[in-house]
1. Can you tell me the FRET efficiency between Thr83 and His1 if r is taken as the Cβ-Cβ distance and R0 is 25 Å, rounded to the nearest 0.05?
2. Given a Förster radius of 30 Å and the C-beta distance between Lys68 and Asn19 as r, what FRET efficiency does 1/(1 + (r/R0)^6) yield to the nearest 0.05?
3. Could you list which residues have their amide H under 5 Å from that of Val30, counting only those 5 or more apart in sequence or on another chain, with H placed in the peptide plane?
4. How much net charge surrounds Lys6 when only other residues with a Cβ under 15 Å from its Cβ are counted (Lys, Arg +1; Asp, Glu -1)?
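Quick note: the coordinates plus some simple rules give every number you see, no bench work behind them. Everything numeric in this text was worked out from a predicted model, so none of it was measured. Every residue, glycine among them, receives a Cβ derived from its backbone with ideal geometry; neighbour counts consider all protein chains shown.
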Amino acid sequence: HEDCVKILRRCKEAIPARNVGGTVIIVDTVIGSAGSQQGIASKETEVLFDVFMMAADGVEREEHEWSKIFIEAGFTDYKITPTMGLRSIIELYP
């Protein structure tokens, strides 16, 4: 959590203001963001990905967990767009 906040703070320092296009793009898993779009094959993939994340000591986050990180890093707004599969596109705005 702390490392994510540190990295995002540095990103925020490096980008211009939102009104001139400042945006940080993250592609990652947002638990629950795909909603009812997921089929059986996607659920199976999600379970396998969970096993991989445990083995790799990774972290999957729900939207409220991402939101907390974004706020701590100083971002004022964000948008999450689910894509095909498990990943989502997260746009952060200063």
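1. 0.55
2. After rounding to 0.05, the efficiency reads 0.75.
3. Amide H neighbours of Val30, under 5 Å, 5+ apart: Ser88.
4. Neighbour charge sum, excluding Lys6 itself: 0.
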